[in-house]
Number of protein chains: 2
Amino acid sequence: MSKQELVVLGQDGADGCCTGLLTTPLGEERAVELAKVFKALGDPVRLRLLSMIASREGGEICVCDLTPAFDLSQPTISHHLKLLRQAGLIDCERRGTWVYYWLLPETTDKLAGLLTRPGQPAEASS
Amino acid sequence: MSKQELVVLGQDGADGCCTGLLTTPLGEERAVELAKVFKALGDPVRLRLLSMIASREGGEICVCDLTPAFDLSQPTISHHLKLLRQAGLIDCERRGTWVYYWLLPETTDKLAGLLTRPGQPAEASS
């Protein structure tokens, strides 16, 4: 599948790579780019899909195992998955009948880093 | 100012406190609650406001120092600030003519923790 739509974090030359959200005022371009990723997370269905995908033992999950958890149509679930993919949070591959999804941890790592205060590394919630 | 509207993270008894987003499938209630906070971050103006507030030396900033950075009306800026406040990301206090804003780091710490993979503490971006 095309990755051309993916948001790529930390590659906006104008504002510099990896500027912390909490340490330096964000530039406009970087704010636009980052807002897309947070917007993708700003929906309960997408958050649940992301957590189902991320927490899956083995690292990937068939779309056929995602849809039964929701009282939503397959096209609606697919739309939410597409938005997560466009935000660079997950990727997928078709194998035969089904599409399989997995987390792109570099994006969640980046977000975690942006939200972490200097000198206070975040600890994973358990 | 009233804090009754604030989203309080990690206090939803049904789904348990502090379940990691990446380690366990999120429950519905917790997803709804968390989505509100991410949605507040899903806008470039709000992200820039948050980073201006968070990175301010001294820990707080007058609204009179925020508005000149944007080509937006005072009511629009105030609306964005209200959404950040309702999400529990910032708080404020009126002193005389002006309102002063500061970061609520417990919320960003919580988000950073939720997005951090177990065993891989996030490092603050610099």
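All of the numbers you see were taken from the coordinates with simple rules; none came from a lab. Note that the structure is a prediction, hence the values are computed from the model and not measured. Counting neighbours? That spans all protein chains shown, and the Cβs are built from the backbone with ideal geometry, glycine included.
With its label point put 7 Å out from Cα toward Cβ, A:PRO105 sits 2.7 nm from the same residue's point in the other copies, in order from shortest.
Annotation for A:CYS62, label-to-label distances across the other copies: 6.3 nm (shortest first, one decimal, point 7 Å from Cα along Cα→Cβ).
Between A:ASP71 and A:TRP102, the C-beta separation translates, for a Förster distance of 30 Å, into a calculated FRET efficiency of about 0.75. Give me log10 I(q)/I(0) at q = 0.22, 0.23 Å⁻¹ for segment A:36-114, Debye formula, one equal scatterer per alpha-carbon, no solvent. Values returned for q = 0.22, 0.23 Å⁻¹ are -1.02, -1.11.
Across segment B:83-98, computed HN-Hα scalar couplings (Karplus, 6.51 cos²θ - 1.76 cosθ + 1.60, θ = phi - 60°) run 5, 5, 5, 5, 7, x, 8, 9, 9, 8, 8, 7, 10, x, 6, 10 Hz from first to last residue, x flagging Gly and Pro. Taking amide H as placed 1.01 Å from N in the peptide plane, B:ILE90 has its amide H under 5 Å from the amide H of B:ARG85, B:LEU104, each at least 5 places away in sequence or on another chain.
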